[in-house]
Amino acid sequence: MRILFITDPLETFKTYKDSTYAMMKEAAARGHELSFCLQSRLSLDNNVVEAVTQPLRVTDDATDWFRLGDPVLAPLATFDAVLMRKDPPFDMEYVTSTWLLELAEAQGARIFNKPQAIRDHSEKLAIARYPQFVTPTLVTRDADRIRAFHAEHQDIIVKPLDGMGGMGIFRVGPDAMNLGAIVETLGDNGARTLMIQRYIPAIKQGDKRILLIGGKAVPYSLARIPQGTEIRGNLAAGGLGRAQELSARDREIAETLAPGLFSQGLLLVGLDVIGDCLTEVNVTSPTCFQEITQQTGFNVAAMFVDALEAAVNNK
């Protein structure tokens, strides 16, 4: 297969934990032909979606891990698979890329995850499709409604809809300390919609990342455990990652969501679960492959490339 990876600059990868790097290593080991491009190098010319791509060779040295060939302008449809692995933020440039990738699909390109599904799936708001798994949640700009929600639940989490890596997440306890300032700041004085949720004490045992690949759950999650006085388990916020087998509730959530998400063209999904509650449905660039593999021996990247090969071969 000829596989194009759309990613952040390769020199920014932290190879000891990067999931896209794990995908590349596994695909290269199977003899697939890899190429790389930046999101910024996508274009439309004469109604053809193309990109400035470079052949990519992965070395055995994790500190000097890639070699790039000469740039080539190539239609996306000339690749067997195009993997959109650009990290958030999910801004208008990202949305524009999904529009271009959707046009490329009409020209025969195979894009993973499917551009429309990425665009249609708000990673935080998507949980509203599965109310049976969700803690009490309010989505609003209205500060008075947020205050009423706090008065009812006493201990809440306030977060923006477009955050990543734990950025902008605040806990407000029964004393309501700084609630007004937090809502004004995060909500830009009513200009931005916020998500407010009842605090889930089980965060102390970790914010679990459950990976769905090809419509099936990886049998282990990565519990990202807050450290010290932190309320955030995100690895980017200093959380400690601990791999563990899926609980019965984890499996129930995963098996309920997996078929429908896969049927929408989402080959890879990262569910976030705290205790028994679903908190996010990540579809842009889910991670945690390497942490799970390193701690359990289960080869997540191999499961992913198996699913990719099957998806391409079942055109």
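For this structure, a couple of remarks:
- Of the set (1) touching a strand residue (DSSP E or B) at 6+ places or on another chain (Cβ under 6 Å); (2) touching a residue at least 60 places away in the same chain (Cβ under 8 Å); (3) not charged (D, E, K, R), all apply to Leu257 but (1).
- The C-beta contact set for segment 219-242 (first residue hydroxyl-bearing (Ser, Thr, Tyr) and buried (at least 17 other Cβ atoms within 10 Å of the Cβ), second residue modelled with pLDDT under 95 and in a loop (DSSP other than H, G, I, E, B), distance under 9 angstrom, 6+ apart or interchain) comprises Ser221/Gly206.
- Sole residue being among the basic types (Lys, Arg) and under 20 Å from Glu123 (Cβ atoms), chosen from Arg242, Arg224, Arg251: Arg224
- Put simply, of Gly270, Gly275, Gly239 the only residue that is within 15 Å of the chain's Cα centre (by Cα) and of a type outside the set (S, T, N, Q) is Gly270.
- The numbered conditions (1) under 24 Å from Asp250 (Cβ atoms); (2) at pLDDT 95 or above; (3) of a type outside the set (Lys, Arg); (4) crowded, with 16+ Cβ neighbours inside 10 Å are all true for Gln132 except (4).
- Members of segment 90-120 found to be among the hydrophobic types (A, V, I, L, M, F, W, C), out of contact with any helix residue (DSSP H, G or I) (no Cβ under 7 Å at 6 or more places or on another chain) and farther than 23 Å from Gly214 by Cβ, listed by number: Phe90, Met92, Trp99, Leu100, Leu103, Ala106
- Ser19 satisfies every condition listed in (1) more than 21 Å from Val283 (Cα to Cα); (2) within 23 Å of the chain's Cα centre (by Cα); (3) surrounded by 12 or more Cβ atoms within 10 Å (Cβ to Cβ) except (1).
- Looking across segment 94-128 at every residue that is of a type in the set (D, E, K, R) and modelled with pLDDT under 95, the one that is surrounded by the fewest Cβ atoms within 10 Å (Cβ to Cβ) is identified as Asp120.
- Against the criterion of being buried (at least 20 other Cβ atoms within 10 Å of the Cβ) and either in the same structural domain as Ile111 (by TED's automatic domain parsing) or at pLDDT 95 or above (or both), Phe79 qualifies.
Table: residues versus (1) closer than 24 Å to Thr20 by Cα; (2) not aliphatic (A, V, I, L, M).
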{"site": "Ala74", "(1), (2)": "yes, no"}
{"site": "Met84", "(1), (2)": "yes, no"}
{"site": "Asp87", "(1), (2)": "yes, yes"}
{"site": "Asp91", "(1), (2)": "yes, yes"}
{"site": "Tyr94", "(1), (2)": "yes, yes"}
{"site": "Lys114", "(1), (2)": "yes, yes"}
{"site": "Ala148", "(1), (2)": "no, no"}
{"site": "Ile169", "(1), (2)": "no, no"}
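The values are calculated or read from the model by the stated rules, or taken from the named source; none is laboratory data. This structure is a prediction, so every number in the text was calculated from the model and none was measured. Quick reminder, even Gly has a Cβ in these numbers, built from the backbone with ideal geometry, and neighbours come from all protein chains shown.
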